[in-house]
Amino acid sequence: MRKLSRRQNENLKKTKNVVHSSLEEAINLLQETATAKFIESVELHANLNIDPKYADQQLRTTVTLPHGVGKSVRIAVLTNEANFNEATEAGADIVGSQDLIDDISQGNINFDLLIATPDMMPKLAKLGRVLGPKGLMPSPKSGTVSTT
């Protein structure tokens, strides 16, 4: 076994067998032990005491951080012409229908999130090979297929 550094030994003494009852305590200890010369990342493991065998206890969701991650997200909306104004008012960067599908099929993907309406999904199905590997294919499960 290799020898631990002085910094790792000090941090190990502070955190050995410590259970935090509040989030504030955990964050304070995290800030005390953050002594690296770069911005460190944090992992959170929570015991929710749920049984995933049962459908009503399954948990699949995304978490929106209160201050974001510092990256601006470009949103494209694929809808019919009647909803163009509504999509731009809601904050979409790119709004289109067949012209947006043509751009995507040519490889011009200049957005981070694609939201589609259910009536455009059959037209979008042929782009599954382009959008799927990039994680951009809209799906109702991920909440990117919306009527509003």
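The values are calculated or read from the model by the stated rules, or taken from the named source; none is laboratory data. Quick caveat: nothing in here was measured; it's all calculated off a predicted structure. Positions of Cβ are generated from backbone atoms using ideal geometry, with glycine treated the same way; all protein chains shown enter the neighbour counts. SASA here: full protein model, heavy atoms, side chains in, ligands and nucleic acids out. Shrake-Rupley method; radii C 1.70, N 1.55, O 1.52, S 1.80 Å.
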If you place +1 on the Cβ of every Lys and Arg, -1 on the Cβ of every Asp and Glu, and leave all else neutral, what size is the dipole of the chain about its Cα centre, to the nearest 20 Debye?
-> 1220
Using Cα-only point scatterers and the Debye equation, what is log10 of I(q)/I(0) for the chain at each q in 0.12, 0.18 Å⁻¹, rounded to two decimals?
-> -0.76, -1.06
Additional length obtainable on full extension of the chain from residue 59 to residue 131, 0.36 nm per residue less Cα span | 23.4 nm
If you count, for each residue, the other Cβ atoms within 10 Å and average over each peptide, how do 39-50, 5-16, 118-129 line up from highest to lowest?
-> 118-129, 5-16, 39-50
Sequence-distant or interchain residues sharing an amide H contact under 5 Å with residue 115, placed H: which?
-> 76, 77, 78
Among the lysines, which have Cα under 20 Å from the Cα of residue 71 when same-chain residues fewer than 8 positions away are ignored?
-> 134
Using the alpha-carbon centroid of each, what span in Å lies between region 66-91 and region 30-49?
-> 32
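Which value at 222 nm does the chain reach when only helices count, each DSSP H run of 4 or more adding -39,500 (n - 2.57), with the total divided by all residues and rounded to the nearest 500 deg cm²/dmol?
Mean residue ellipticity at 222 nm (helix-derived): -7500 deg cm²/dmol.
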For the chain: accessible area per residue (Å², 1.4 Å) | 81
Output ordering of 85-97, 62-74 (per-residue mean of other Cβ within 10 Å, highest first) is 85-97, 62-74
Whole-Å semi-axes of region 100-148's equivalent ellipsoid (Cα gyration tensor) = 17, 12, 10
Over the chain, what percent of the accessible surface lies on carbon and sulfur atoms, probe 1.4 Å?
-> 52
Could you run the Karplus curve 6.51 cos²θ - 1.76 cosθ + 1.60 with θ = phi - 60° over region 66-78 and give me ³J(HN,Hα) per residue in whole Hz, x for Gly and Pro?
-> x, 10, x, 10, x, 10, 7, 9, 8, 9, 10, 10, 9
